[in-house]
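Participant: Pasting a structure below so you can have a look.
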Amino acid sequence: MPRTAALLCVHNAANTLSWWISHHMAAGFSALLICDDHSTDGSQDILSQAARLYDVRITTTDKQESDTHRRHKNALERLIKQNGKDFDWLIQLAMDEYFFSTNGSVQDFFSATEAELGHEALQQTQHLPVNWCITGLNGQNFYSSQKPAPHPRALFTRHAQEHFPEHYLTRSFFRPNTTKPTLPTPFSNTKPNWSQARILHDAASSSTTPQSRRYYDRNDISFLEGKQLLSSSLDIGARLLQGMLLHAGYHIQNKYNSQDAPTSLPPELSSAPTFRRSYIQSGEDVLALHKTSYQLGFYKADSLDKDDFTRLILVHYTALPTPGSTAPAWLYPEDTLDRPFLPLVSTSETYFSMLLECLPLKIHAHDHDIELHLVPADTIFQLEGQSRFTLSAAAPAAEDEHPWQALQNFSRYGLTSQGIAHAIATTTWLSPSILGALYAHLPSQEKQQLFSPLLHNIFHPSDV
């Protein structure tokens, strides 16, 4: 099969870059070749983490070149010269462009193209155009690429009619010339043909003016097929997020191991909070997750087959909040899942910060029941039209119930940045999901002291 790579130049796109990377790795590109135009928002941290896990090759633009277009073009051509020999086909994309193959992957696209053109004709072909498909906002009038948001492929599921003028524009797969690397004409004019592939172009979401946003906000045709890579894309996104948290933990450990690190526990650190484990109830039924379909529901506890279902554990302070007040809580599956995160809500409500095995929540107490609010979106968790629940005592924790042990371990010096940092520095193992879930609940004055500005923006976007 051909080796393929997607080319991208990025500047300050941290809020959507993880989604773009995870989508195109899920699409089956052999590698991603990305130049960073001296971002200052943490995009470089995302690229570095992606390169630790996948074949993501990074360069930076030449700051001395003042013309933005030329600066990006030169950097991309440098990537082609350095890496082009490793690939049969390249395609240049932008941050708001997502390659979509009708049959599922970029390899399927080339297999279908070869079947259509013939092997010999494909070998002689130098360019394969892929038409734009302009997606509308689908009613997401709050959406901004400058703020954290769910995956674009979960949100933008409608597009303009085929005769829309911009659909004649294309991106092209091209064969790299490493001797004299050149990029193809960015947008050639070709009659729309979406039979094998299209470029889902989120032009409305990336528009910088109300006029262009209105022009591109076309929602004529439903296109739910664009969600076909969401499951694998979210799994990749979870590995990116948890990898960044793990790297942040290693950074703290390295700092504490340096000569200028504190040698003893500061006296002002508080003692560990005491936690309780509960099941979430609706009447006599308990909240559980199907281990294969990942569907949530309420079920009779004695009817649950442990091979198929796992109950969810809510960890909260021993004393529940009084009616009208709130308190932090954490939710995780009683049994380990095959996925790297807990899929608690629909993909259109799943923020990047929620790609954890243990999710931070807030308990909102009422007189006889509770509400659960998702953090950081602060949206109410609802299931089957219900948002009020009761709690019941959970069975004792199993010895291998990792989240329960980790929550206690990393909060043993208190829920402060200093306390969590000291716990990280004095442990032999790290749990990135638990670190993220605890970090999401740090007091406002503590948030910026533990992790990087990028992770602060991911877990505390309202502060930015």
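Bear in mind that the values in this text are calculations on the coordinates, not laboratory data. Not measured: the values here are computed from a predicted model. Neighbour counts are summed over all protein chains in view; Cβ atoms, including those assigned to glycine, are modelled from backbone coordinates with ideal geometry.
Participant: What pairs from Lys362/Lys447; Lys227/Lys306; Lys85/Lys227 go past 25 Å between their alpha carbons?
Facilitator: Lys227/Lys306; Lys85/Lys227, as the Cα separations exceed 25 Å there.
Participant: While we're looking at this one, here's another question. Project the alpha carbons of the chain onto their principal axes and report the range along each, largest first, in whole Å.
Facilitator: Extents along the principal axes: 70, 56, 44 Å.
Participant: Skipping prolines and chain starts, which residues have an amide H placed within reach, meaning under 5 Å, of the one on Thr60, given they are 5 or more residues away or on another chain?
Facilitator: For Thr60, whose amide H was placed from the backbone, the distant partners under 5 Å are Asp36.
Participant: Still on this structure, please answer the following. Modelling each spin label as a point 7 Å along the Cα-to-Cβ direction, I'd like the Leu296/Ala393 distance in nm, to one decimal.
Facilitator: Simple spin-label model gives 2.6 nm for this pair.
Participant: Within 10 Å of each candidate Cβ there may be at most 16 other Cβ atoms; applying that plus a DSSP loop requirement, which trypsin sites (Lys or Arg not before Pro) in region 286-321 survive?
Facilitator: Listed in order of number, the matching sites are Lys306.
Participant: Moving on. Where the only charges are on Cβ atoms (+1 Lys, Arg; -1 Asp, Glu), what is the dipole of region 281-365 about its Cα centre, to the nearest 20 debye?
Facilitator: For this selection, approximately 300 debye.
Participant: Return, for the Cα atoms of region 4-228, the radius of gyration and Dmax in Å, separated by a comma.
Facilitator: 17.0, 49
Participant: Would you be so kind as to identify all helices of the chain, as entire DSSP H runs, whose Cα atoms reach 27 Å or more along the helix's own axis and whose mean Kyte-Doolittle hydropathy is at least -0.5?
Facilitator: Sorted by number, the helices that extend far enough and score high enough are 230-257.
Participant: Which percent, nearest 5, of DSSP beta bridges in the chain are antiparallel? Don't skip to the end; give the middle numbers.
Facilitator: Values: 54 of 72 bridges.
Counting only bridges with both partners in the chain, antiparallel ones make up about 75 percent.
Participant: Something else about it: In whole Å, how far is the Cα centre of region 365-443 from that of region 202-251?
Facilitator: Here the answer is 27 Å between Cα centres.
Participant: At most 11 other Cβ atoms within 10 Å and a DSSP loop assignment: could you name the chymotrypsin sites (Phe, Trp or Tyr not before Pro) in region 413-442 that fit?
Facilitator: Here the sparse-neighbourhood loop sites are Trp429.
Participant: Also, I was wondering about something else. Can you return the lysines within cross-link range of Lys300? Criterion is Cα-Cα under 21 Å, with same-chain partners fewer than 8 residues away left out.
Facilitator: Correct list for Lys300: Lys291.
Participant: For region 371-382, what does the Karplus curve 6.51 cos²θ - 1.76 cosθ + 1.60, with θ = phi - 60°, yield as ³J(HN,Hα) per residue in whole Hz, taken in order and with x for Gly and Pro?
Facilitator: Running phi through 6.51 cos²θ - 1.76 cosθ + 1.60 with θ = phi - 60° gives 10, 10, 10, 6, 10, x, 5, 6, 9, 7, 6, 10 Hz.
Participant: Name the residue from Ala94, Ala421, Ala397 whose Cα lies farthest towards the positive end of the charge dipole of the chain, charges +1 on Cβ of Lys and Arg and -1 on Cβ of Asp and Glu.
Facilitator: In the chain, that residue is Ala94.
Participant: Can you work out the FRET efficiency for the pair Gln382 and Asp338, with r the C-beta to C-beta distance and R0 = 22 Å, to the nearest 0.05?
Facilitator: With R0 = 22 Å, the Cβ-Cβ based efficiency is 0.30.
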